[in-house]
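Heads up, the thing below is written out as structure tokens.
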Amino acid sequence: MWDNFEDFFPNLPFTTTLPSAREEVLNPALADVAACHYQMATEADDHHLRYNSVIKRISRIMARYPGCSALILVVFLSMLSDYVKSFTKPVVIPQPLPRRFFPSTSVILDYPYGNIVDVGDLLNEREALFVMYYAPWCGKSIRVRDEFQKAADYMSDDLQFVGVNAWYPNGTCRKQNNFASYPVLIFYHMNRDGYLYTGVLRAEYIIQFANRMLYPLKYIYHRDELAAFLAHRDNAVLGYYDFSSSPQPPGFVQFYYASLRLYENDPRNPVEFAVITSSKIAMDHKMFKSGTIHLNRSLNVTLRYPLFYGLSAKNISNWVVYHKQKLSVSWILPTGSKSSVLSSHLNTPAVILFLPNYPLSCDNQYASLFREVALDYYNCQNMTHIPQVINTLTYLRWMNALHQLDIKFKCQDDHEVAAPCGRQSERLIPTKRCCQSFMVDPPYTKYNSCDVCLNYLQTNPVSWLPCDMKSVLDLPSWPYLLESFPTHQGMCAELMPYYNPGEFLTVCCENHSYYQNPFHGSYIPHGPGRRSDDPFVINSIRDKHKRLCDQLAYQRKHGWQAPPLYFLSTAYTNVTGEACINNRTLTFLIMDTRGSHRFAQQLGINITSTHEEPVLVIFDKRMEEQFIMEKPVTKSNIIQFVHNFTKHSLRLSSRSTNVHNNQTLCDDSNKEVCVLDVSSENFEERVINVEKDVVVLYHTPWCGYCLSFNHIYLLLAKYFRHSPDILFVRVDASENDLRWQYTMDVFPTLVLFPAHRKSESVTFPDHLYKTLPNLIYFILQHSSTTLRLHTGLSICSRACITANRASTVRRIHSLNQALSKLVKAKHTLQRKIKLFATELDLRDLTRNTLRILQWYKNVLTKRIWVKHLQLNESRHLHKVLFSTSGQFIEQHKLSAILMRYTAYSRRYLHMEEGDFKDELFEINLEIDSHKVDHQSHDEL
């Protein structure tokens, strides 16, 4: 109850006390008001009591069931929060309108609103489109944007490039497609489903993919073209189609789309398709019927596509994928994202050639040379056509070099343009030339007179000899060489019929009124062609120079030209069929240094992304071995390198850092802490071959705990700084390849190599914390006795010296007592021996007893000698301890103790080996010769 009613009804005119009886009589209305107020106060008091009782009951329930109570409270609060939020309006920022992703001046058609319907309409108007689906916020899309722009500029006359915003929520592209990542590059061709590009996202690779999709087929007109096509490919699909009967023979369209499908599957190592149009060439390859398809495999037999499978692009491509052979040389081109492409090729030992790849330039001569070695290496059955293929590759390699020189001469007026394969083609300028004219029969060529020049390069060793023009004119291959001669009047051709890179032929033919046939035999006539006075031919030749030089200028501007090295090398070692000699067959791989230089650095090859010179390495993942070829990459050196690996005669290569020679720093006595940095080159020299205890710390730069542990490791080295018998080193395990017995896979790792017992190295336990006390105990537990004694004396303080003085006194006293007992026992034994010596003639038992007593006398003599040594050492230690006035023992006195202790141990061991051999009983002599004393050692 309240003390007065004003507390409950503050607005009413209450009196401070109840009205009296006289006031009630005089004022009846006041009595009624007071009764009403009293009743209201009583009801309020009852409500208050009920509220308190409910609160107490709920409190008891919550105390009894705290978990349920907390859950109910959380649910109630969340419902209350949702109820309050229902009255608030959400603040939504409207999405800004998308902007152009590509510049407005770009040749790329950009659709920032993601309207894919417009792209479909555009595809109906054009034959092909190259579309990039991007997300404006994606960093990878932003990086690829510049590369896609370069490709569009390069191919603006041949192909339309399109960009589509696939992230805009209101766009039809976002609603119809659900891309997992960005960007996505798709090539659309002739109203068919797109072909996804999965190659390297650089401009030159994008251009190469687009060109292959525009022109997927190679048309073969001559035998030399077919030989060149097959020589460069391990798997080649040939199709013979007769276009004379129909402009679109049956099955040709399916053959065309099958080539697109296979190139989409693997743009790095594609299976290429070729079409033979000559019936004579087709008959040479047993293709007698139009629509015949062959799968030519360089190291296996040729297969014919069975027509009962059905002529569909899917069936043809599946048949090729199932029957194609393993590549002799595979290109590994990392795309910049996670993949298992490289690991799938490293299941067996691999020989890897690192060189820059320029897809738009000439054929890479190093890759061609590498393929020649690979074909010979895999020729286990000694197939006869493999040497022919190798000779063709050699010929084509040098003919390509001559073609590059011709391009450079044609574009030499353009000062901004160099030859597409660069800087060393001046070596092909002939230093000697011999020429002669002769007449030709028109069936071989439309001209009747030719001028032949034999050109010698400066690298030819026989360039000083007279020219042998007779052997040149007697070549049996003249009909086939002249068959591919240019049709335009006044043009010349360069030939290399001898496969000799040091010389080549230049042939220029013209029409004269008189000719004579110097050849006899069969030939393959040319089909009908355009006349030389045809305006189309004249304009094409006139514009060819400008178009070619413009392309070369654009390639040079973006650095898409590779400078191959023209070299002469003769292979003297034969590696034919060595792939079948043992079970370590090599896989030949080529990697582009511009995208895989970091992998090369992990193998110990010091190259960068701009490195131009090729590097060769053999890597065995299972054996964890790599062998780096130190010589220049030539054919003879590659063959010798592969041959030595097969014969197990290669020296193992390992990564090693160039550490500074800080041994002189550790020799400075003023240095408190000294930790040596070792590498794989000097690891055995500084760790294994030293007569000290060596502590090795294995660390890596990317290990976060290693950085914090370095401080503890330096404190550990400082703790043992006064001891010359221990050495602290560290090795960067990420940059140094050690032998397998010295390799660790957990960092940081601490290993102790004890002196004179390097094979008994001990690793710090993983279950212990790497604290300073644990590390000190670990070293003292497994180190040599000399180090323990030296450490104990070097850290002995004044209190330690005082305690050891008292311990030494007690030790000397106990040794004196033991020595006196041994001397008394020896005297007693001598008297017994004299007593038994007078009874030698009694019986055999007395003789045996006398022999045992004499043996026991020798044992006592040796024990007395040992006690004398221990007593002398204890007295010397006692003298040193009492002469120490400073806090620490002087260094020269400690060295004297250790020297005397070492000499004592050696004398005792020598005596033990010489005397304790022939006795009747084995007695365990309790001689603690390897310690000064157990008790004193513990106190130290």
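Do you know the relative contact order of the stretch 182-328, to the nearest whole percent, from alpha carbon pairs under 8 angstrom that are 6+ apart?
Answer for the stretch 182-328 is 28 percent.
Couplings 3J(HN,Hα) for the stretch 202-211, derived from phi with the Karplus relation 6.51 cos²θ - 1.76 cosθ + 1.60 (θ = phi - 60°), are 10, 4, 5, 6, 5, 5, 4, 5, 5, 5 Hz, where x marks Gly and Pro. Using R0 = 51 Å, the C-beta based FRET efficiency linking Ser734 and His868 works out to 0.30.
Each residue of the stretch 862-878 was assigned a 3J(HN,Hα) from its phi angle through the Karplus expression (A = 6.51, B = -1.76, C = 1.60, θ = phi - 60°), giving 5, 5, 5, 5, 5, 5, 4, 5, 4, 5, 5, 5, 5, 5, 5, 5, 5 Hz with x at Gly and Pro. Put Phe778, Phe599 in order of accessible area, highest first, and with a 1.4 Å probe you get Phe599, Phe778.
Which shape class applies to the stretch 207-324: rounded if a/c is under 1.5, otherwise prolate when a/b exceeds b/c and oblate if not, where a ≥ b ≥ c are the square roots of the Cα gyration tensor eigenvalues? Kindly include the intermediate steps, with their values, before the conclusion.
Working: a/c = 1.25, a/b = 1.18, b/c = 1.06.
The shape class here is rounded.
The stretch 747-826 and the stretch 73-149 have Cα centres spaced 73 Å apart. Stretching Tyr777 away from Asp451 to a fully extended chain increases their span by 108.2 nm, per 0.36 nm per residue minus the current alpha-carbon distance.
With a 1.4 Å probe and every protein chain left in place, work out the accessible area per residue of the stretch 186-241 in Å², rounded to a whole number. Spell out each step's value before the answer.
Working: 2060 Å² over 56 residues.
So the stretch 186-241 comes to 37 Å² accessible per residue, rounded to a whole number.
Could you give the length gained by full extension between Ala227 and Arg433, i.e. 0.36 nm per residue of separation minus their alpha carbon distance, to one decimal place? Intermediate results must be reported in sequence, preceding the final value.
On the way: separation 206, 0.36 × 206 = 74.16 nm, distance 2.93 nm.
Full extension from Ala227 to Arg433 adds 71.2 nm.
For Trp167, no residue 5 or more places off, or on another chain, has a built amide H under 5 Å of its own. When only the Cβ of Lys, Arg, Asp and Glu is charged (+1, +1, -1, -1), the dipole of the stretch 67-156 relative to its Cα centre reaches about 480 debye. Magnitude of the charge dipole for the stretch 149-237, about its Cα centre and with charges confined to Cβ atoms of Lys, Arg (+1) and Asp, Glu (-1), is about 320 debye.
Please state the shape class of the stretch 108-217: rounded when a/c is under 1.5, otherwise prolate if a/b exceeds b/c and oblate if not, all from the C-alpha gyration tensor. Judged from the Cα gyration tensor, the stretch 108-217 comes out oblate (a/c at least 1.5, b/c at or above a/b). For the pair Gln601 and Arg192, a Förster radius of 45 Å applied to the C-beta separation gives a FRET efficiency near 0.55, rounded to the nearest 0.05.
Please compare each pair in Lys140/Lys314; Lys218/Lys280; Lys834/Lys867; Lys338/Lys621; Lys758/Lys867 to a cut-off of 29 Å on the Cα-Cα distance and tell me which ones are over it.
Correct reply: Lys140/Lys314; Lys758/Lys867.
The values are calculated or read from the model by the stated rules, or taken from the named source; none is laboratory data. It should be emphasised that the depicted structure is a prediction, and the values quoted were computed from it without experimental measurement. Note that we place each Cβ from the backbone using ideal geometry, even for glycine, and neighbour counts take in every protein chain shown. Ligands, DNA and RNA are stripped out before the accessible areas are found, and what is left, the full protein with its side chains, is counted by its heavy atoms. Shrake-Rupley method; radii C 1.70, N 1.55, O 1.52, S 1.80 Å.
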